[in-house]
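What follows is a single structure, written as structure tokens, with notes after it.
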């Protein structure tokens, strides 16, 4: 069963079942909440996710939307919305094995940063660049 946790390890979770999809979200709300050009989300049936450890803190980023995060370290962990009842998105980066959840789609691409296309051509370093 896939497992995951926040940066500090206080919030932990276990998932039983397969993801319904894995999306790279470019919407303004997700980008702002993560401080990143996009967020990778894995969607599951809500009943398949068991949160353990510290309870999630929550922020209502818009009407009917709840973003769950660790109240200690601030790691974004979940997204739930009234319009997708019974489903939950979990941040792919919070899984212990994020490589097991490759993206299946991009969403809200009209909000994608124009420089996101072609980033594979940038100079790349396995760790930090030489100082």
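As for region 114-125, it holds at least one residue that is over 24 Å from residue 47 (Cβ atoms), surrounded by 12 or more Cβ atoms within 10 Å (Cβ to Cβ) and over 15 Å from the mean Cα position of the chain (by Cα).
Given the structure, is residue 77 buried (at least 17 other Cβ atoms within 10 Å of the Cβ), in contact with a helix residue (DSSP H, G or I) (Cβ under 6 Å, 6 or more places away or on another chain) and either part of a strand (DSSP E or B) or on the phi < 0 side of the Ramachandran plot (or both)? When the stated conditions are applied, residue 77 passes them. Look through region 23-43, keep the residues that are surrounded by fewer than 19 Cβ atoms within 10 Å (Cβ to Cβ) and touching a residue at least 40 places away in the same chain (Cβ under 8 Å), and return whichever of them is farthest from residue 97 (Cα to Cα). Here the answer is 28. Considering only region 38-47, I want to know if a residue exists there that is in a loop (DSSP other than H, G, I, E, B) and within 11 Å of the chain's Cα centre (by Cα). Yes, region 38-47 contains a residue that is in a loop (DSSP other than H, G, I, E, B) and within 11 Å of the chain's Cα centre (by Cα). Scanning region 85-99 for residues that are touching a residue at least 12 places away in the same chain (Cβ under 8 Å) and out of contact with any strand residue (DSSP E or B) (no Cβ under 8 Å at 6 or more places or on another chain) gives a single hit, 97.
Every read-out reported here was derived from the displayed coordinates using simple, explicitly stated rules and does not represent laboratory data. All values derive from a computational prediction rather than experimental measurement. No Cβ is skipped: glycine too gets one built from the backbone with ideal geometry, and neighbour counts run over all protein chains shown.
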